Amino acid sequence: MEYKLVVDSCCELIPELRSLNPESAPLSMLLDGVNYIDDELLNINHFISAMRSSKNTPKSACPSPEVFAEKFCKGMNVFAVTISSKLSGSYNSALVGAKMVMEGGPERRIHVFDSLSASAGEIAVSLKIKECVDLKMDFDSIVKTVTEFIDGMKTFFILDTLETLIKAGRVSRIAGYAASVMSLRPIMCADNGMIRLYEKARGSVRAFTRLVDLIGESCTNFADRTLVITHCNNERQAHFIKAEAQRRFHFKDIKVTSTGGLSTMYANEGGVIIAF
């Protein structure tokens, strides 16, 4: 049985996913009257520069159901992965798109996974789908296995600033202020699809060292897990995490990649996200 993967553009499509014939439904970001489409043509560094020089906060828009439907039509057995439904309308849009397609062709099978995460988390979910496909699992077994994986997945991240998340209503102003006082670096996490402050560390070095510690505190069996690290122009810290994780834990694999447009919008320059 052949499967197809469709993701929204908060999921960075790494080369390891190519066997699933993946496609990305792009979100868009509006800043100072300019609409940036989060696809392969987006110049990430130009977008970062525009955010840095602007006094305004960019706003995002999810793909329409029609965009998802157009991509779903290209496969008979399709899995979709979206950013957390608590953070975007992308999941609901994909559900509507799936319904549109399946009503026109009931022989098609489409399942939309709410990653309850973003960026690195979406990649981790997509890699789990690939793993199940490689094991030649049937459609329903893949849905069950991946859903269980999502329920147990951990997502943590460190950002240089929470300003975009606060202004977009993704983090409360009280939590954002508490995380920023006294030069403390906030370590954030995904909690049932919502973003919350996990703890604070004084200084960048301690924060990223603590982030590695949290991997060991959050999981005991790494042999069947892949650590995914995404970053926005912060290869140094991303590779620090990778090196420390390789030294201290025994992940099946570790993937490092840079963030796409939407992830960059929220992470801002210097942000690092991990999921496993």
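Residue pairs exceeding 31 angstrom between C-alpha atoms, taken from Lys4/Lys55; Lys86/Lys242; Lys71/Lys128; Lys4/Lys200: Lys4/Lys55; Lys4/Lys200.
Beta bridges assigned by DSSP with both partners in the chain are antiparallel in approximately 60 percent of cases. Placing +1 on the Cβ of every Lys and Arg and -1 on the Cβ of every Asp and Glu, with no other charges, gives the chain a dipole of roughly 860 debye about its Cα centre.
Overall, the accessible surface of the chain at a probe of 1.4 angstrom is composed of carbon and sulfur to the extent of 51 percent.
A DSSP coil position with no more than 14 other Cβ atoms inside 10 Å describes the following GluC sites (Glu not before Pro) in the stretch 46-126: Glu107. Solvent exposure of the chain amounts to 46 Å² per residue of accessible area, where only protein heavy atoms count and the probe is 1.4 Å. Model label points for Arg196 and Ile37, set 7 angstrom from Cα along the Cα-to-Cβ axis, are 3.9 nm apart.
Between the stretch 239-256 and the stretch 1-39, what's the alpha-carbon centroid distance in Å? A separation of 26 Å, based on Cα centres. Positive contributions from Lys and Arg (+1) and negative ones from Asp and Glu (-1), summed over other residues with Cβ under 12 Å from the Cβ of Gly89, come out at -1. For the stretch 60-127, applying the loop criterion from DSSP together with a ceiling of 12 other beta carbons within 10 Å to the trypsin sites (Lys or Arg not before Pro) yields Lys74. Ordering Ile195, Val228, Leu127 by Cα displacement along the dipole of the chain toward the positive end leaves Ile195 in first place; charges were set at the Cβ atoms of Lys, Arg (+1) and Asp, Glu (-1). Full extension of the chain between Ala243 and Thr161 yields a length gain of 27.0 nm, computed as 0.36 nm times the residue separation minus the alpha carbon distance. Relative to the current alpha-carbon distance between Asn45 and Leu30, full extension at 0.36 nm per residue lengthens the span by 3.8 nm. With contacts taken as Cα pairs under 8 Å and at least 6 residues apart, the chain reaches a relative contact order of 20 percent. Length gained on full extension, Thr147 to Cys219: 24.1 nm, using 0.36 nm per residue less the C-alpha separation.
The values are calculated or read from the model by the stated rules, or taken from the named source; none is laboratory data. None of the values given here were measured: they were computed from a predicted structure. Positions of Cβ are backbone-derived with ideal geometry, glycine not excepted, and every protein chain shown enters the neighbour counts. When the accessible area is computed, the model is the full protein with side chains, heavy atoms only, and any ligands, DNA or RNA have been set aside. Shrake-Rupley method; radii C 1.70, N 1.55, O 1.52, S 1.80 Å.
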